Ligand code: UGA
C-alpha cells in the first residue's frame, strides 16, 4: 500500500511511522518546512516514547519519507489520511475544521486514480459528508471514497496503542474502500485486534462518545473522591471495588486534579455543541465539563488549606506540569490553572517537570523553573505533586524535608501513602483518602 498522511503533528506522525512499520510505503506531508527538515534529520518535533527509533528505522529502510510537497504525494497514494489539527474554535467551542477542508481541497486537486480519503483527525459528525462534497466540487470526475477512521491513541503510550489497539473503527460505506482499509490494517489481524466496520457518521460519533465517556468516568471518580473525603472513605478502594465489576472496568478510575490534554477538554466541548445544535443535549457531558473546570480551582484551594489557609508570600514547589506523564504537552494541563490560582493568592511558584518546562515557560509567568525535584523544594513552604511522572514516585523525603521550610506535601495523584510520608515529619494531603 502507498499511504500519504497529511499533517505531521502528533497523530499524523505516530500513524505514519506505525503504518511504515507495518510494511507500507508512507509519505508524511506537512506545510511547515522547518518541521519537515527536522524530521528528515531524525529529530522529533514532539516527545513520545519510542517514536524517534521507529521513525529512524523506517526512514532508513526507505518506507517513510517526509516532504512539504502535497501534489506528488497524493497523486501516488492509494490512501490519503487527513491528520491535521481540529482545535477548538475561539468563542463557541466548535471544532475548527478549516485545516481539514483545506486538506480536502488539496487532495481533490492532486488525486489521479481511485483514492481512499480517510479522516483521522477528530471531526464532528457529518464532516465526512462535507469532505466528500468538497472533493466532488474540486474534482467532479475524481474516483474516490471518503472514510472515517478515528484514532484512540493516548499520548505517552501512542505506539503501543496503535500497534495493539482494542479495536480499529472504520466508517465506510464504499465496498472498495472497505477492502483497502482492511489491507491497510491487515498486520493487526495477526494480533487479533478487531476491525469494526460501521457507517461513516457512526464512526465519527464513536470517537467523541468514547472520549466523553472516559472524561465522565474520571469526573465521576473525582467527585467520589470529594465524597470520600467528607465521609472518611478511601477513593482508591472504592475505585478498585467498583472496577472489579467487569461491567464497570478498573481503568480510568484514578482520582486526581481533573483531566486535561489536547483531547478530552476539546472533544467534550465539541460534542456538547453538536448535541445542542441537533436539539439533543447531552446533559451528563455538559455537567462533566463544568465539574472538571471547577475541579482545577478546587485543587488550588486544597493546597491553600494544606498551607494553613494562606499562601501569601509562601513558596510553593510544584512537581509535574504536563497534563499527564510521558509527554511534553501542556495543553489544558491542570497545573496551569492551579499555579495561576495560587499566584493570584500571592504564592511564589517554583516548578520542575522532566519534559514540559519549555512549553510551560511560554504559558506561565513569574514561575521559577528548576533543575530537578530537589532543586525545586529549596526553602519551600509546601510541595505539590501535580503530575505523576515515575521519577517522582520514590523521592528521598529526608533530603526534601531538610531543604524545605515547612514539611507539607500535597499529592494530587495519590502516589504516596500517609505512613511513608508522615514518618519523615510531613503533613500529607492527598485526594479522597483518609489518614
Ligand atoms: C485520550 C484518550 O485516552 C485516547 O484514547 C484518545 O485517542 C485521545 O484522548 C485523543 O482523543 O486523541 P490522552 O488525552 O493522550 O488520550 O490522555 P489520557 O491518558 O486519556 O489522559 C487524559 C487526562 O485524563 C489526563 O489529564 C490524565 O491525567 C487524566 N486521567 C486519566 C485521570 O485523571 N484519571 C484517570 O484515571 C485517567
Segment 183-195, subset surrounded by fewer than 20 Cβ atoms within 10 Å (Cβ to Cβ) and modelled with pLDDT of 95 or more, residue farthest from residue 20 (Cα to Cα): 183
Among the candidates 109, 133, 89, residue that is over 16 Å from residue 7 (Cα atoms), surrounded by fewer than 23 Cβ atoms within 10 Å (Cβ to Cβ) and within 26 Å of the chain's Cα centre (by Cα): 89
Could you check how many residues of segment 389-406 are farther than 25 Å from residue 309 by Cα and either touching a residue at least 12 places away in the same chain (Cβ under 8 Å) or within 16 Å of the ligand (Cβ to nearest atom) (or both)? 9
Tell me the strands (runs of 3 or more DSSP E) entirely within segment 92-185 that contain at least 3 residues that are within 16 Å of the ligand (Cβ to nearest atom) and outside the structural domain of residue 261 (by TED's automatic domain parsing). 168-171
Going through segment 12-24 in order, the residues found to be within 16 Å of the ligand (Cβ to nearest atom), touching a helix residue (DSSP H, G or I) at 6+ places or on another chain (Cβ under 9 Å) and more than 16 Å from residue 164 (Cα to Cα) are 13
Is segment 39-46 home to any residue that is surrounded by 20 or more Cβ atoms within 10 Å (Cβ to Cβ), in the same structural domain as residue 105 (by TED's automatic domain parsing) and over 25 Å from the mean Cα position of the chain (by Cα)? no
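Does residue 50 fit the bill of being touching a helix residue (DSSP H, G or I) at 6+ places or on another chain (Cβ under 6 Å), surrounded by fewer than 19 Cβ atoms within 10 Å (Cβ to Cβ) and under 18 Å from residue 21 (Cα atoms)?
Yes.
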Do the conditions hold for residue 361, that is, is it assigned to a helix (DSSP H, G or I), within 15 Å of the ligand (Cβ to nearest atom) and either assigned by TED's automatic domain parsing to the domain that holds residue 406 or within 18 Å of residue 257 (Cα to Cα) (or both)? no
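The values are calculated or read from the model by the stated rules, or taken from the named source; none is laboratory data. Everything numeric in this text was worked out from a predicted model, so none of it was measured. Quick reminder, even Gly has a Cβ in these numbers, built from the backbone with ideal geometry, and neighbours come from all protein chains shown.
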